[in-house]
Structure formats: C-alpha cells, structure tokens
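One structure is given below, encoded as structure tokens.
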Amino acid sequence: MRISVVIPLYRCAECLPELYRRLRETFQGMGVAYEIVMVNDGSPANDWEIVAGLAAQDPGVVGLNFARNFGQHVAISAGLDYATGDWVVVMAGDLQDQPEAIPELYAKAQEGYDVVFAQRRQRQDTLGKKLASLAFACVYNVLSDVKLDPSCANFSIVTRQVIEQYRRLREPNRA
C-alpha cells in the first residue's frame, strides 16, 4: 500500500523542511510507502528551491512548479493528477494540518469510508479570514442543499477510486 500526500504551496518555505521531516516520520511509523507531491503555486518566496532540494534527496518527493499563482484548488487538482497512491491525503503546507493526524484519518477510512475529512479545532488564520470563512459557510448553507462545516478544510484522505472520478471532472471550478 502507498499513500500520496498532495500539498499546495504558497509562501510555505519556512515550514517545508519541518513538514517533510514530520511526514517522513509519520509514514515510517505507519510502515507504509509514501509519495509527497508538493505543488508550488507561483510562490514569490523560495518554496520551489526547497521542494527541488527535497525531491533531489528523496525519490518519494515529487515537485510541481507553476509559473504563476493559479490558486489553491488548481494546485490541488494538479497534484491529484500526479498522485499515484492507493490513498491520497490533501493537506496544507503551512503546518496548520498536522502530519501526525494522518494515521487517524487512515484508521477512520479503514472503517469503510472512501473520504474522511479532518476538523480543525483551532485555526491559525487571521480574524478576518476566520470571519470570511464563517460567513461563506453560513451563506452557502442557506443557499444549498449541501451543508458546509466551517471547521473542515482540505485536510482529508480519499481512496484512489474517488480520486479517479474526481479527475474526470475537468470543470475549472470543481472545488
């Protein structure tokens, strides 16, 4: 079994060595093969240089480099196109999503779930971003039959079968 991790990056250079170390330790503890797909979303920081260095030292790291910023969801979609794992984790590159939670996500998925999302108990975002997310979720919940939980973000684990179906949806706004 192999787990892929897709990580969109924008101004995450300072976090990347620590993120990589913790991911590697998590997967070693699980005893599974891994692939880390890091997508530099046109970051003006030196994210790409760090990703390229990690990929040069570890064949389990795949780096994708965008020429400009396309946004988080496009970066995730590109990473999903490259991910080859039986299970795929999507997480943030700024360490708001804890790599050590991946075994819990995987254990929950093994109960028969194809998709498992994590909840953030404490967000490290600015007050403005927290309020904007809450307002968006409230409006969305009023206007839609699908209900959003504002404590859930992209941190998730998904089966290969779900990823393949998702990849068939080529609309530009599929997030």
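Scanning the stretch 82-116 for residues that are out of contact with any helix residue (DSSP H, G or I) (no Cβ under 9 Å at 6 or more places or on another chain), more than 21 Å from Arg21 (Cβ to Cβ) and part of a loop (DSSP other than H, G, I, E, B) turns up Gln110, Glu111, Gly112, Tyr113.
Among Pro59, Pro8, which is of a type outside the set (Gly, Ala, Ser) and assigned to a loop (DSSP other than H, G, I, E, B)? Steps first, answer last, please.
Values: Pro8 fails: assigned to a loop (DSSP other than H, G, I, E, B).
None of the others qualify; the one that does is Pro59.
For the stretch 11-34, a tally of residues being in contact with a strand residue (DSSP E or B) (Cβ under 8 Å, 6 or more places away or on another chain) and surrounded by 20 or more Cβ atoms within 10 Å (Cβ to Cβ) returns 6. Residues in the stretch 50-58: is at least one open to solvent by less than 20 Å² (accessible area, probe 1.4 Å) and more than 24 Å from Arg160 (Cα to Cα)? Yes, because at least one residue in the stretch 50-58 is open to solvent by less than 20 Å² (accessible area, probe 1.4 Å) and more than 24 Å from Arg160 (Cα to Cα). Checking each residue in the stretch 79-106 for being surrounded by fewer than 23 Cβ atoms within 10 Å (Cβ to Cβ), closer than 19 Å to Leu169 by Cα and of a type in the set (A, V, I, L, M) picks out only Leu80. Going by what's in this entry, would Gly128 be described as at pLDDT 60 or above and either open to solvent by 90 Å² or more (accessible area, probe 1.4 Å) or not in a loop (DSSP other than H, G, I, E, B) (or both)? Taking the combined requirement at face value, the residue satisfies it.
In the stretch 11-53, the qualifying residues are those that are polar (S, T, N, Q) and in a loop (DSSP other than H, G, I, E, B), and the one that is farthest from the chain's Cα centre (by Cα) is Asn46.
Please state which of the following conditions Ile76 fails to meet, knowing it meets all the rest: (1) in contact with a helix residue (DSSP H, G or I) (Cβ under 9 Å, 6 or more places away or on another chain); (2) open to solvent by 10 Å² or more (accessible area, probe 1.4 Å); (3) of a type in the set (Val, Ile, Thr). Going through (1) in contact with a helix residue (DSSP H, G or I) (Cβ under 9 Å, 6 or more places away or on another chain); (2) open to solvent by 10 Å² or more (accessible area, probe 1.4 Å); (3) of a type in the set (Val, Ile, Thr) one by one, Ile76 breaks only (1).
The values are calculated or read from the model by the stated rules, or taken from the named source; none is laboratory data. Small disclaimer: the values here were computed from a predicted structure and weren't measured. Every residue, glycine among them, receives a Cβ derived from its backbone with ideal geometry; neighbour counts consider all protein chains shown. Note: areas computed on protein heavy atoms with side chains; ligands, DNA, RNA excluded. Shrake-Rupley method; radii C 1.70, N 1.55, O 1.52, S 1.80 Å.
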